[in-house]
Amino acid sequence: MIMSPIEVGKLVGRIADNIENVIIGKRASVEQIVISLICQGHVLIEDVPGVGKTSLVSAMSKSISCSYRRIQFTPDVLPSDITGFSVYNMKSDEFEYKPGAVMSQIVLADEINRTPPKTQSALLEAMEEKQVTVDGATYYLPLPFMVLATQNPIEYLGTYPLPEAQLDRFFMRVTLGYPEADDECVILAKYAVDQPLNELRAVTDGEEILDAALSVRNVYVEPSIVRYIVEIIRGTRNNEKTVLGVSPRGALALQLAAQAWACCMGRDYCIPDDIKEMAVPVLSHRIKLKQEEKLKNIKPERVISQVLSDTAVPVPKNIMNKKRTHDQE
């Protein structure tokens, strides 16, 4: 069923409101993760320990009536633990597939950088094609399917940095950061009495998520906005600070995220501000900085912000006409 942009926006708000019963004062980060869910994308949550990364994912899983599995990544986790494996059944005289932890709708890959690259790569096919291949047989994952991976960007001992190919498969990279003083007071008071996560109830289901995902793609993107996206992407590739720019997959992700954000704003068309709003979380993990820039403590987010500043913003007539019609309605 096709939903209107207003209905999609209300769904995002409803899920975000529910999660905020557990995660206090991080509305923007929560909305970004819900938008990724609506867009059927995956999220890398990167932050220091103790700020609520795992709690956020747990709150997300409880907010939607979908299956949920957690994979605690350690050096001894094997690829077959994730994808599953075949076992010979002596009674039937044939091999049977035993599903791995990835056979779920919401998958938490906790501390994903603590497992070796061979195990990390077991998620690649699942994240891109929503299927796994075991012993030559293909098994499709349940929909909606979303991987939420967490990692600590500060600690390097005993970790394996994610390769660019896998980073590019994450729709967004989200950070939480430490709470504001007032928010932290609320957290202390709230968690002193009870564990809010235990009281959380589902506010939607997988079918409604899939309807919203289909509806988001109907949001109108004017050709000049498409060109604006392309110019931003090209700005990351032809940048003196980068050795690797954003891929076409990243361009598609930015356009889809902007369409979803337009729905959150109650519109059935995109404007340049939608692109600007989504650019940093969608693109910052997809570029690789030169070593000298890293030594200067330059962050990818700063480079993306600079590219946005340097790129001319279009003012398409078609959008202005559509806006007038929308306002009259």
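Tell me, which helices (runs of 4 or more DSSP H) wholly within the stretch 159-257 include 3 or more residues that are surrounded by fewer than 14 Cβ atoms within 10 Å (Cβ to Cβ)?
Numbers: elements: 164-167, 181-193, 196-199, 206-216, 223-237.
Passing ranges, in order: 181-193, 223-237.
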Seminar exercise, completed: Log entry, pairs with first residue in the stretch 53-68 being under 15 Å from ALA109 (Cα atoms), second being aromatic (Phe, Trp, Tyr) and surrounded by fewer than 23 Cβ atoms within 10 Å (Cβ to Cβ), beta carbons closer than 7 Å, six or more apart or on different chains, reads SER61/TYR68
Problem set entry | First in the stretch 148-168 and acidic (Asp, Glu), second anywhere and surrounded by fewer than 17 Cβ atoms within 10 Å (Cβ to Cβ), Cβ under 6 Å, 6 or more apart | ASP168/ARG249
Exercise. Can you name every residue in the stretch 232-268 that is in contact with a strand residue (DSSP E or B) (Cβ under 7 Å, 6 or more places away or on another chain) and either without any contact (Cβ under 8 Å) to a residue 60 or more places away in the chain or over 28 Å from GLY9 (Cα atoms) (or both)?
Worked result: THR236, LYS241, THR242, VAL243, LEU244
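Per-residue answers, yes or no, for (1) out of contact with any strand residue (DSSP E or B) (no Cβ under 6 Å at 6 or more places or on another chain); (2) within 22 Å of GLN166 (Cα to Cα); (3) surrounded by 14 or more Cβ atoms within 10 Å (Cβ to Cβ):
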| residue | (1), (2), (3) |
| --- | --- |
| SER61 | no, no, yes |
| SER65 | no, no, yes |
| ARG70 | no, yes, yes |
| THR74 | yes, yes, no |
| VAL77 | yes, yes, yes |
| LEU108 | no, yes, yes |
| LYS118 | yes, yes, no |
| ALA122 | yes, yes, yes |
| THR133 | yes, yes, no |
Exercise. Within the stretch 288-309, is there a residue that is part of a loop (DSSP other than H, G, I, E, B) and either surrounded by 20 or more Cβ atoms within 10 Å (Cβ to Cβ) or at pLDDT 95 or above (or both)?
Worked result: no
Problem set entry | Number of the exception - THR138 against (1) touching a strand residue (DSSP E or B) at 6+ places or on another chain (Cβ under 7 Å); (2) among the hydroxyl-bearing types (Ser, Thr, Tyr); (3) surrounded by 16 or more Cβ atoms within 10 Å (Cβ to Cβ) | (3)
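Let's see how each residue does on (1) touching a Phe, Trp or Tyr at 6+ places or on another chain (Cβ under 9 Å); (2) under 30 Å from ILE2 (Cβ atoms):
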residue	(1), (2)
GLU128	no, yes
ASP135	yes, no
LEU141	no, yes
LEU148	no, yes
THR159	no, no
PHE170	no, yes
ASN218	no, yes
ILE232	no, yes
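The values are calculated or read from the model by the stated rules, or taken from the named source; none is laboratory data. Quick caveat: nothing in here was measured; it's all calculated off a predicted structure. Cβ coordinates were reconstructed from backbone atoms using ideal geometry, including for glycine residues, and neighbour counts include every protein chain displayed.
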